[in-house]
1. Report which label in (i) 36, 31, 17; (ii) 42, 27, 21; (iii) 31, 30, 21 holds the value of Cα extents along the principal axes in Å derived from the coordinates of this structure.
2. How much of the DSSP beta bridge set in the chain is antiparallel, as a percent to the nearest 5?
3. If each of residue 99 and residue 14 carries a label point 7 Å out from its Cα toward its Cβ, how far apart are those two points in nm?
4. Each label point is 7 Å from the Cα along the Cα-to-Cβ direction; what then is the distance between the points at residue 86 and residue 48, in nm?
5. Can you give the calculated 222 nm mean residue ellipticity of the chain, where each DSSP H run of n ≥ 4 adds -39,500 (n - 2.57) and the sum is split over every residue, rounded to the nearest 500 deg cm²/dmol?
6. Going by alpha carbons, how many degrees (0 to 90, nearest 10) lie between the helix axis of 59-71 and the longest principal axis of the chain?
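Where a number appears in this text, it was derived from the coordinates with a stated rule and is not lab data. All values derive from a computational prediction rather than experimental measurement. Here Cβ is always computed from backbone atoms with ideal geometry, including for glycine, and neighbour counts include all displayed protein chains.
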């Protein structure tokens with residue numbers, strides 16, 4: 001079965017759940033650092049994300065890992081990672097599972 005935009009998006013979420021923020025050893029997806037994932041009909045992936053801190057010293061490493069790991073997904077033609085700080089990241093953006101682990105629920 002050939003990859004579709006939907007299967008590539010699902011695979012992208014799975015990959016992002018295995019990439020961890022170096023300052024908080026939790027996945028960047030579950031921390032709420034991923035704002036949007038768009039996969040077009042040609043299987044080009046565009047990810048809009050933020051960082052937990054604007055001056056994160058590991059930013060380029062995180063972006064490189066996202067590009068590389070998503071690029072390994074079958075059928076993906078390109079990966080574009082865009083950084084935004086609008087809206088700024090906050091603890092409210094974390095998944096309920098992460099909030100529970102951190103005793104915030």
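1. This structure yields the entry labelled (ii).
2. Details: 6 of 12 bridges.
Roughly 50 percent of the beta bridges in the chain run antiparallel, per DSSP.
3. 2.8
4. Computed distance between label sites residue 86 and residue 48 equals 1.0 nm.
5. Details: 3 runs with 31 residues, N = 105.
That calculation yields -9000 deg cm²/dmol at 222 nm.
6. The angle comes out at about 30 degrees.
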